[in-house]
Amino acid sequence: MSEAEQVPASAPEAAAAVLDALNATDSNGTEALNATAKFVATPEGTALAYGSLVFMALLPIFFGALRSVTCSKSKELGENDYDSGFRNASDMPETITGRDAARFPIIASCTLFGLYLFFKVFSQEYINLLLSVYFFGLGVLALSHTMSPLMSRVFPESFPNKQYQLLFTQGSGESKEEIVNYEFDTKNLVCLLISSVVGVWYLLKKHWIANNLFGLAFALNGVELLHLNNVSTGCILLGGLFVYDVFWVFGTNVMVTVAKSFEAPIKLVFPQDLLEKGLEASNFAMLGLGDVVIPGIFIALLLRFDVSLKKNSRTYFYSSFLAYIFGLGLTIFVMHTFKHAQPALLYLVPACIGFPVIVALFKGELTEMFSYESSEEVLPGSPRLTSFPTVSGSPASLASSMDAVSMATGSSPRRRRLPPTPHM
């Protein structure tokens, strides 16, 4: 996967200037670009850019993990509440099983190679136009969902908050099935409006601030709503993507081609020439979202494990969180020292798995950690991750933001059978 690196402006003519630069991107939205000789960042600019990227990466992991606990606890409402329509389907987390984790690198590889073929056969301009429109919709939904808790606190209690529902069904009588069920309120509409303004800004200007707002929203939604069912599954997922990342970065030029051609808010960026050019700066350091979300969902699992121990301690969460900081810092150090793109999971995976395992060995809780089943808290009828991607639910929600980042083909929305309508 990726690390932070320099890149010239994203205009087509600027892309030609990085022909000799190593670029890397994966299906989880991870991208890396080496610096060109045209721009030499100052030490201050480099430190500011790298520090900002690390800080932005930590935000969705920390708050997404906290929100994943709340999301998990919301399942205690019960299966009947869920089926009765009291909750939107997209407000429920997706559960990743061991089988899903094992398939993920294969699906990611197919997606990456498919994008490579698309860019080889079709015009880059038209493909990126379609991707911009696609991510505009997903970004608006993700940002709206991210903003909803904050907006709920901002609005006064006297605010007239009306409830709405958009329902599409198929069939009639006992065979009636729900295709789309959007439940939202006035506050959600306000969030949606603000998010749409950011979306239009990104669509028209491709400004790095708008890109980061969408990227942070995607990452936070991914960490919050993608739940690993146990630690073993997390190890399988991280281990598989570790091999996948190293292979596609160092083994082929597929990532090079896709990275030079792909334009989407699938990375966090920060200009290294901000001190010189202000908000119009164009030489960016970058960090792919895959390097945030993939370790993030594992860290969120460890936080839920901490909660399950009922010891009023967050030992495993903080140890894995510090491990992520160490791994990301090591990635940046190696990249900056050797001036060569580095797959970030090469450093993040051993750190994020190794630190908690060492802590568990020291505390004598290794067996307990690996026997913890997050899926035991999942309702029998709760959704599971069986396709890539699935996007459904309220307009203030994005159930599978990480799947959107993966750029896989979409699947149909969840359906649930409705009770027969009585005939008069």
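The values are calculated or read from the model by the stated rules, or taken from the named source; none is laboratory data. Here the structure is a predicted model, which means the values were calculated and not measured. Please note: Cβ atoms are built from the backbone with ideal geometry, for glycine as well, and neighbour counts cover all protein chains shown. Ligands, DNA and RNA are stripped out before the accessible areas are found, and what is left, the full protein with its side chains, is counted by its heavy atoms. Shrake-Rupley method; radii C 1.70, N 1.55, O 1.52, S 1.80 Å.
To keep it simple, each residue is scored yes or no on (1) in contact with a Gly (Cβ under 7 Å, 6 or more places away or on another chain); (2) under 21 Å from Arg99 (Cβ atoms); (3) among the hydroxyl-bearing types (Ser, Thr, Tyr).
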site: Asn188; (1), (2), (3): no, no, no
site: Leu193; (1), (2), (3): no, no, no
site: Ile209; (1), (2), (3): no, no, no
site: Leu216; (1), (2), (3): no, no, no
site: Asn230; (1), (2), (3): no, yes, no
site: Cys235; (1), (2), (3): no, yes, no
site: Tyr244; (1), (2), (3): no, yes, yes
site: Gly251; (1), (2), (3): no, no, no
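Based on what the data block shows, is Ser319 in contact with a Pro (Cβ under 8 Å, 6 or more places away or on another chain) and more than 28 Å from Phe135 (Cβ to Cβ)? Even if it seems obvious, please write down each step before you answer.
Working: in contact with a Pro (Cβ under 8 Å, 6 or more places away or on another chain): yes; more than 28 Å from Phe135 (Cβ to Cβ): yes.
Considered against the rule, which asks whether it is in contact with a Pro (Cβ under 8 Å, 6 or more places away or on another chain) and more than 28 Å from Phe135 (Cβ to Cβ), Ser319 comes out as yes.
When you scan segment 217-313 for helices (runs of 4 or more DSSP H) that lie fully inside it, which ones turn up with 2 or more residues that are modelled with pLDDT of 85 or more? Full working, then the answer.
Values: elements: 231-250, 254-261, 274-277, 290-309.
In segment 217-313, the matching helices (runs of 4 or more DSSP H) lie at 231-250, 274-277, 290-309.
What is the residue count in segment 278-313 for residues that are among the hydrophobic types (A, V, I, L, M, F, W, C) and more than 14 Å from the chain's Cα centre (by Cα)? I'd like the intermediate steps shown before the answer.
Here is the first cut: in segment 278-313, the residues among the hydrophobic types (A, V, I, L, M, F, W, C) are 279, 281, 284-287, 289, 292-294, 297-303, 305, 307, 309.
Filter again for more than 14 Å from the chain's Cα centre (by Cα), leaving 279, 281, 284-286, 301-303, 305, 307, 309.
Matching residues across segment 278-313 total 11.
Being of a type in the set (Val, Ile, Thr), open to solvent by less than 10 Å² (accessible area, probe 1.4 Å) and touching a strand residue (DSSP E or B) at 6+ places or on another chain (Cβ under 9 Å) narrows it down to one of Ile266, Ile299, so name that one.
Details: Ile299 fails: touching a strand residue (DSSP E or B) at 6+ places or on another chain (Cβ under 9 Å).
The conditions single out Ile266.
Report whether or not Phe159 is free of Cβ contacts under 8 Å to residues at least 60 places away in the same chain, among the hydrophobic types (A, V, I, L, M, F, W, C) and more than 30 Å from Leu59 (Cα to Cα). Spell out the reasoning first.
Values: free of Cβ contacts under 8 Å to residues at least 60 places away in the same chain: yes; among the hydrophobic types (A, V, I, L, M, F, W, C): yes; more than 30 Å from Leu59 (Cα to Cα): no.
Criteria not met by Phe159.
Consider only pairs whose beta carbons are under 8 Å apart and that are at least six residues apart or on different chains; among these, list those whose first residue lies in segment 172-192 and is over 21 Å from Ser158 (Cα atoms) and whose second residue is part of a helix (DSSP H, G or I) and of a type in the set (A, V, I, L, M).
Filtered contacts from segment 172-192: Asn181/Ala89.
Given the condition of a type outside the set (S, T, N, Q), more than 25 Å from Ser319 (Cα to Cα), modelled with pLDDT under 85 and open to solvent by 50 Å² or more (accessible area, probe 1.4 Å), answer yes or no: does some residue in segment 40-55 qualify?
Yes: one or more hits.
Kindly evaluate Thr111 against the criterion of being modelled with pLDDT under 90, under 30 Å from Ser232 (Cβ atoms) and not in a loop (DSSP other than H, G, I, E, B).
Working: modelled with pLDDT under 90: no; under 30 Å from Ser232 (Cβ atoms): yes; not in a loop (DSSP other than H, G, I, E, B): yes.
Judged against the criteria, Thr111 is not a match.
Which of (1) of a type in the set (A, V, I, L, M, F, W, C); (2) assigned to a helix (DSSP H, G or I); (3) surrounded by 18 or more Cβ atoms within 10 Å (Cβ to Cβ); (4) modelled with pLDDT of 90 or more does Met335 not meet, given it meets every other one?
(4)
May I ask you to list the residues in segment 156-179 that are among the β-branched types (Val, Ile, Thr) and either loosely packed, with under 14 Cβ neighbours inside 10 Å or touching a Ser or Thr at 6+ places or on another chain (Cβ under 7 Å) (or both)?
Ile179
Please list, ordered by first then second residue, the pairs with beta carbon atoms under 9 Å, 6 or more apart or interchain, first in segment 226-243 and under 12 Å from Ala300 (Cβ atoms) and in contact (Cβ under 8 Å) with a residue 60 or more places away in the chain, second buried (at least 21 other Cβ atoms within 10 Å of the Cβ) and of a type in the set (D, E, K, R).
Leu226/Glu94; Leu226/Asp403; His227/Glu94; His227/Arg304
Considering segment 134-182 alone, what residues qualify as being within 21 Å of Arg67 (Cβ to Cβ) and in contact with a Phe, Trp or Tyr (Cβ under 6 Å, 6 or more places away or on another chain)?
Result: Gly139, Ala142.
Say whether the condition of being in contact with a strand residue (DSSP E or B) (Cβ under 9 Å, 6 or more places away or on another chain), open to solvent by 30 Å² or more (accessible area, probe 1.4 Å) and farther than 18 Å from Val292 by Cβ is met by at least one residue in segment 189-204.
Checking segment 189-204: at least one residue is in contact with a strand residue (DSSP E or B) (Cβ under 9 Å, 6 or more places away or on another chain), open to solvent by 30 Å² or more (accessible area, probe 1.4 Å) and farther than 18 Å from Val292 by Cβ.
Asp273 versus (1) farther than 21 Å from Gly222 by Cα; (2) of a type in the set (Asp, Glu); (3) open to solvent by 30 Å² or more (accessible area, probe 1.4 Å): which is the lone unmet condition?
Status for Asp273: all satisfied but (3).
Residue by residue, here is whether (1) within 20 Å of Asn211 (Cα to Cα); (2) of a type in the set (Phe, Trp, Tyr) holds:
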residue: Ser261; (1), (2): yes, no
residue: Ala264; (1), (2): yes, no
residue: Phe284; (1), (2): yes, yes
residue: Leu287; (1), (2): yes, no
residue: Val293; (1), (2): yes, no
residue: Phe298; (1), (2): no, yes
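Out of (1) hydroxyl-bearing (Ser, Thr, Tyr); (2) open to solvent by 30 Å² or more (accessible area, probe 1.4 Å); (3) under 19 Å from the mean Cα position of the chain (by Cα); (4) modelled with pLDDT under 85, what's the single condition that is false for Ser90?
(2)
If Thr95 meets every condition in (1) open to solvent by 20 Å² or more (accessible area, probe 1.4 Å); (2) modelled with pLDDT under 90; (3) under 20 Å from the mean Cα position of the chain (by Cα) apart from one, which number is that one?
Here Thr95 meets the rest and fails (1).
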